[in-house]
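The values are calculated or read from the model by the stated rules, or taken from the named source; none is laboratory data. Keep in mind it's a predicted model, so treat the numbers as computed, not measured. Here the Cβ positions follow ideal geometry from the backbone for every residue, glycine too, while neighbour counts run over all protein chains shown.
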Amino acid sequence: MRIKVSVDSRIYEIDIEKAPFEDSIGNVVIDGVNVEIAHSSDWLRQYSKNLIIGNHSYQVEFEYDRQGIPRRATAMGESVDVSVDFPGKGKLRRPDMVGMWGEGNQVRAPLPGTIIGIRVKVGQKVRAGQLLGSLEAMKMENELHSPRDGIIKEILVGEGDSVVLDQVLITLK
């Protein structure tokens, strides 16, 4: 796949074999030059990435747009605007996952884990961003927030329940 990445005003053409969200160590071609690259996975987009390019390692943090595409990158104390373009970009649509992303009528599990608390009741009015509950995963507490103003329609889990990735936990009306 060929993508174009604009960093500030410079445009790079990058050929990659694997999708950018996969863990991989391999070669990419940047403006015709082979570069060995590895990156750390962070499918929740919560943490900085560790990019290994050639023999150098860089901690890079990204800000993402609503479609999950990087729009700003920060590394070694420097921040730059980033624009990524590739075939099919205009057809991207974020899934209706909520949890940490805040879209739609359903709050879904952002990762597998155990429900450690529900802070709302059926019929309760909630505001956008309000804390609805918590999920423990990988020994970390993850807050679940309301995607919008509304009324709790269903609570499909209880404290102590194990949940899987993308499982519907709460619905709104």
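Filtered by the rule that a residue be in contact with a Ser or Thr (Cβ under 6 Å, 6 or more places away or on another chain) and farther than 14 Å from Leu172 by Cα, region 117-136 gives Gly117, Glu136.
The listed residues are Val168, Val120, and the only one of them that is out of contact with any His (no Cβ under 9 Å at 6 or more places or on another chain) and at pLDDT 90 or above turns out to be Val120.
Residue count for region 118-146 under the criterion of being in contact with a Leu (Cβ under 9 Å, 6 or more places away or on another chain), in a strand (DSSP E or B) and over 15 Å from Asn105 (Cβ atoms): the result is 9.
The set of residues from region 6-26 being modelled with pLDDT of 70 or more, in a strand (DSSP E or B) and not charged (D, E, K, R) comprises Ser6, Val7, Ile11, Tyr12, Ile14. Inside region 150-169, residues that are exposed (fewer than 13 other Cβ atoms within 10 Å of the Cβ) and under 24 Å from the mean Cα position of the chain (by Cα) make up a count of 2.
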